[in-house]
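*Asks:* Sharing a structure below in structure tokens format, with a few things to ask.
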């Protein structure tokens, strides 16, 4: 691999959601701040949406790491549950929640007794001064019945606050699902919502530098300005696509014995990456560029 060639200690552009590589651009930092403020204020439902590859899972893990760090430092006492694949029927989802927060339940218990046991456990946590936070990733895949079961759990509260705080992470399809009449009560209870967008051109520059720094790169500029421009145009600023294309570009440069990444390396990586060729954000960026060029041309003609 190219690690020694570029003086790296680890792969800088892995698509695994590693919190040590979390880059706090304005978009992601605002989303993280929203989550931290909401859970510390005891809000019930929170929703984070974003297109595929915009970093929702990494944001979720960074959030969980942050509140667990706070708990360890005595800043707060949180019990966290993370369910990465909530495509589960209601009973199985409740069992998964119970397992995540350390509650032993009878496997053959019906839904009524599951809810009763969870209620008792959540009350015990509240009496002990602990807050329970449930994070559901890929929430757009949840069956409507399971979303309703989660809503019923969110009804549990003391006179002061909710017993369970729920954060939904999902693709924009989640918004459409929540508009359905059968779960309109849940949609009304979402107190905070944030939508993650792609990285802009400047953010991409810093994003690349940040990940290279974490991977212990100590050399001069690795990606040329033309390469960064091409990378942004081809990825649309979607972090996952940026990582894939940057990784392939490094492999191509390594194969040539080059120490710097040029635009042609990125173009070759795009040709080898179907997701980048079909990326809707890329088509939008190209269309926007054509409009700018057309506008400039019309402006020049008007001066003649």
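Bear in mind these aren't lab numbers, they're just calculated from the coordinates by the rules spelled out. As the structure is a prediction and not an experimental result, all values here were calculated from the model.
*Asks:* Which shape class, rounded, prolate or oblate, goes with region 1-90 when its Cα gyration tensor gives a ≥ b ≥ c as root eigenvalues, a/c under 1.5 marks rounded, and past that a/b bigger than b/c marks prolate?
*Replies:* prolate
*Asks:* As a check on your grasp of the helix formula, calculate [θ] at 222 nm for the chain: sum -39500 (n - 2.57) over DSSP H runs of n ≥ 4, divide by the residue count, round to the nearest 500.
*Replies:* Counting only the DSSP helices, I get -17000 deg cm²/dmol.
*Asks:* With only alpha-carbon atoms in the gyration tensor, what are the semi-axes of the equivalent ellipsoid for the chain, in Å, largest first?
*Replies:* So the three semi-axes of the chain are 42, 23, 17 Å.
*Asks:* Still on this structure, please answer the following. Given the options 150, 261, 120, which has the most mean-square fluctuation in a GNM of the chain, springs set between C-alpha atoms less than 10 angstrom apart?
*Replies:* 120
*Asks:* Rg(Cα) of region 104-204 divided by 2.2 N^0.38 Å?
*Replies:* It is 1.28.
*Asks:* Something else now. What list of whole percents do you get for P(r) of region 24-196, with Cα-Cα distances grouped in 10 Å bins up to the one holding the largest distance?
*Replies:* 10, 41, 38, 11, 0
*Asks:* Still on this model: Classify region 83-129 as rounded, prolate or oblate from the Cα gyration tensor: take a ≥ b ≥ c as the square roots of its eigenvalues, call it rounded if a/c is under 1.5, otherwise prolate when a/b beats b/c and oblate if not.
*Replies:* Oblate.
*Asks:* Tally the DSSP beta bridges in the chain and give the antiparallel ones as a percent, rounded to 5.
*Replies:* 5
*Asks:* Would you please classify the overall shape of region 1-53 from the alpha carbon gyration tensor, given that a ≥ b ≥ c denote the square roots of the eigenvalues, rounded means a/c under 1.5, and beyond that prolate means a/b larger than b/c while oblate covers the rest?
*Replies:* prolate
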